[in-house]
Amino acid sequence: LNQQRRACSGRVMAGGTAMHCRPRLFLRALLVAVFSVALAASVGAVPEEDIVAHVSTVALAALRDTEGLLKEVSEAEAHALGASGRSPLEAYPAVNDKVGQLFEAALLALRHLAAAHAVDSSVPLTPRELRDLATLEGQIVDVLTAQAKEPVFWWHGPKWMIIGKLKGIFRADVLSRLRALAGPEGAEGKLKRYGDEAVATLAKAGEPASKTAIDLAVIGAKVPAIGLAVGDAECGAQQGCDVAGMLAAIRAVSKQPAHLLVLPCETEALKNIRTSLHSGSDKKLFVSFVVNGNLAEQGPQAVVAKVVASLKLLGLESFDSLWLPYDSFKKRMWPHTKEMLALMFEQKTIARYGVHAPARSAALAKKLLDRQPTPAAWLTPHDVVLPAAPEALEAARNLSVVPVALPRYAGAPGAVARLYLQTAAGESSSDQQAAAIRWTLAQGLALTLRPGPFAAAAPGLVSALGGFAAEGPSPLSGAATRILDALGVASDLAPAAPAQPAAAAAAAAAPPVDELRDALQRGRHAISQARVDVVAQVAQDAPAATDRPSAAEAGPGVGAATLKGLDEQAQAYKRNNHVIYRENFFDEATWAAIVEETKRLWKSKDMDPNCNLDGKNRLGGYILDHNHRNTSLYRLIYGNEQFRRWVSAVNGEGDMWPSDFPIELREYGRDSQGMGCHPDLQMYAVAKKDLEFAVTVDNDSKCQVTFYDAQRKVHKVNTKANSVMMVRANAAEHCVSPTEGGSRQILKFIYVGDYRKSDTFWQYTGNECGDENPNRRMMELRREPDSDHHTHSSILEL
């Protein structure tokens, strides 16, 4: 090409006309094109501005998801309480899935923001804000990790800190810059403009497609390759339940018996499933049943009774498979589980069994699945946002256990998943669903579809199944697969891969970002590098005159003296056998707001009377949070970043966060006889990360809190207003003396560094009692304007 270009140039110089050299323009353009292709092939280059546009778009979409889900959780909670008439503390089963989606959306927003900042330094995040982002990421990951095994009990606890800090990080100038990077078309318009080039733009050019065809017969050897998961969302009282129609569509595609997976649900849903099943003519079905985790804790007899009752309601003689939850495989439960399985096999109640539990590592998968009798299959959480771990899937296959994918949530995916699917498969909803089906099957998992309400979902799913059948057994292209796999980098709950040693050196040496996955990994590395010890964070975040307020300064706070001498406070806490008492704790504005809110609460119905109190020696209840108020004690205490830092620094066991157990307001009056000596009960799995607090609101009594330090030396304290006492579970023994004519009010709550619960936690979550309960009656009297509340007594229980 160069020779031809020079020859043309020579003819012009010798007197030729421009007409003779029109090929020169063509050749020059062709040369540029060839050079560009060669460059792309050699370094895999993808325009960074397109990657930044994508992660900025997704960060904004995830933030919108959190706002929408926050409203949805509140509405679902209100509906559940209105329908059941139960205690507000009993709403968690109805909202647990939505709470998980809410916190997951917050995590995706943070990590895509970090990716945008890592690739484009014009995204304005200061080192202090990156540290805030890192601690917030840690809290969300810990909540979601614990939630994989058991529900979030009181979501209002973690909510205030997570949502409050998220809004502080996504301040106005950050949002403005993200919108500019996403493009003038708006958050989703940028991706629509990409059209068919989106996949090539965001994944390495020339990435080969997988050559392994999807073989449904191999995947479905023990469990049919494609199934339908149904429960209350699909077949509850208010839903149309077209199970038979959807199963027929699945059979037409898979050429196998359709798999009907019945999720834990109410009796009405089971009856509706039966009605639909018996309306269909084809009886070739593989029916499996999922056992609720709480039921397994009640023992094998409860499981057997539930299975037998469910078979009767469904009009079946046996289940083809029974899915048992994690609790059934605990060391103390497994011998009983084995006996139960032997009985059900003998009675032909079930044909086989499987494991229904998450496992994010090969070691945990092997621990769950490597047992006798051998489980036929493993029902694992798996979807586009959070796929099953490849190493865990490999461990299952090595044990000849078939992995079966169950989406974590019913219905359409959230905004983030839709954006990734749109990028990989186009704007058509059915094409996106078909891509998700193909992506799952190509990984060797059998899959179950979880449609949500049939009326809205069925047409799209049928169309998606038809699209999948039309495309045949070929998997997604390599580039499309890499796009969907990249989302797993942003949602993974495992620690980020080791980053380069020094942030400055990494920034200087890093090559250009060449694909989406690389950008997300760099964002996670940036978060990891920003994470520091909390004592260092307090020192580093001391504000300069030109600094913007950090998350720790923008909301409620503590007194300046509280955060001084943290090392000395930590040493005193250790000497005292993990108890510490501090006066003048909160700053003036925060303390004034706490006092006013406690006064309001006594006169309101925003407390649920504690059924375990007697109303005489102990009066009070759990503080509710169903009306969003800036004066909420959950904002003032559970949303207090400075308080969180003090707790973390003094306890010295890593970051601590507000628990998912409610705050309690108690009063014990002039007739209180105090309480005996005791260490605090362990409510969470790790005792050294389970801390209980008593904040004294007011005290005109003579009662003293007595505690024994590590040397068994006795300490006595007459606690004052605006004081905090922090006690670690199973640590310092402490007692409370009688009030001797005065009264004392306290706030009682828990901070944790690990959201996993102890076995005793769930024994303290029930709060059902009638109007005859003495504490409930006395709480009603306490609300009356002319009542003399000093006639009531209560006992402080630290």
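The values are calculated or read from the model by the stated rules, or taken from the named source; none is laboratory data. As the structure is a prediction and not an experimental result, all values here were calculated from the model. Using ideal geometry, Cβ is built from the backbone for each residue, glycine included, and neighbour counts are taken over all protein chains shown. Only protein heavy atoms, including side chains, enter the accessible area calculation; ligands, DNA and RNA are left aside. Shrake-Rupley method; radii C 1.70, N 1.55, O 1.52, S 1.80 Å.
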| remark: Any residue on another chain or 5+ positions along whose placed amide H is under 5 Å from the amide H of Leu406 is listed here as Thr380, His382
| task | Pull up all non-local amide H partners of Lys757: gap of 5 or more, or a different chain, and H-to-H distance under 5 Å with H placed in the peptide plane. | result | Ala685
| Using a ≥ b ≥ c from the Cα gyration tensor of region 610-754 (square roots of the eigenvalues), is it rounded, prolate or oblate, where a/c under 1.5 gives rounded and otherwise the larger of a/b and b/c decides, a/b for prolate? | oblate
| request: Rank-order 301-308, 380-387 by packing density, defined as the average count of other C-beta atoms within 10 Å over each peptide's residues, highest first. | output: 380-387, 301-308
| To the nearest 20 debye, what is the magnitude of the charge dipole of region 79-131 about its Cα centre, counting +1 on the Cβ of each Lys and Arg and -1 on the Cβ of each Asp and Glu? | 120
| Relative contact order [Cα under 8 Å, 6+ residues apart], region 397-473, whole percent | 39
| Under the definition of Cα pairs under 8 Å and six or more residues apart, what whole-number percent is the relative contact order of region 373-426? | 41
| note | For region 206-329 the mean separation of alpha carbon contacts under 8 Å (6+ apart) over residue count, i.e. relative contact order in percent, is 23
| task | Under 1.5 on a/c is rounded, so check that first for region 225-264, then, if it is not, pick prolate when a/b is larger than b/c and oblate when it is not; a ≥ b ≥ c are the square roots of the alpha carbon gyration tensor eigenvalues. | result | oblate
| query | Is region 406-447 best put as rounded, prolate or oblate by its Cα gyration tensor, with a ≥ b ≥ c the root eigenvalues, rounded for a/c under 1.5, and otherwise prolate when a/b is larger than b/c, oblate when not? | reply | oblate
| request: Highest first, please rank the peptides 55-66, 755-766 by the mean number of other Cβ atoms sitting within 10 Å of their residues. | output: 55-66, 755-766
| note | Given Cβ charges of +1 for Lys and Arg and -1 for Asp and Glu, the option among Phe329, Leu313, Met344 whose Cα lies farthest towards the positive end of the dipole of region 309-379 is Phe329
| field | Size of electric dipole in region 607-647: Cβ of Lys, Arg +1 and of Asp, Glu -1, about Cα centre, debye, nearest 20 | value | 140
| query | Of the accessible area of region 252-300, with the probe set at 1.4 angstrom, what percent is carbon plus sulfur? | reply | 49
| request: May I ask you to list the lysines whose Cα is less than 21 Å away from that of Lys366, ignoring any residue fewer than eight positions away on the same chain? | output: Lys149, Lys222, Lys330, Lys331, Lys338
| What does the highest-first list of 679-690, 589-600 look like by mean Cβ count within 10 Å? | 679-690, 589-600
| field | Phi-based couplings in Hz for region 301-309 (Karplus 6.51, -1.76, 1.60; Gly and Pro marked x) | value | 4, 5, 5, 4, 4, 5, 4, 5, 5
